[in-house]
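Below: the structure, in structure tokens.
What follows is calculated from the coordinates using simple rules that are stated; it is not laboratory data. Computed from a predicted structure; not experimentally measured. All Cβ positions, even for glycine, are placed from backbone atoms using ideal geometry, and neighbour counts span all protein chains on display.
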Amino acid sequence: MSFKLWEFEGKEVEMRLDDGDVLKGTAFDFDDKEDNVSGNDSISIKSTEGTFDIDESRIVSIKEIK
């Protein structure tokens, strides 16, 4: 599934992952599938828990939050 992750870059987001975790924070640094070993798009998110690079294959849902 394509979430068009580049549209979330620079925005506050809530992201639900395939293991049930929910991350909230600022999305940044979109990486295209050609740049990733996995062959999937990814986006980094900075949250209070740390900074994470999340592969699109792990994302169940993503939405902008205010």
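Listing for the model above:
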quantity	calculated
Charge tally in the Cβ shell below 11 Å around K4, where Lys, Arg are +1 and Asp, Glu are -1, K4 excluded	-4
Magnitude of the charge dipole, the chain, Cβ model with Lys/Arg +1 and Asp/Glu -1, debye to 20	360
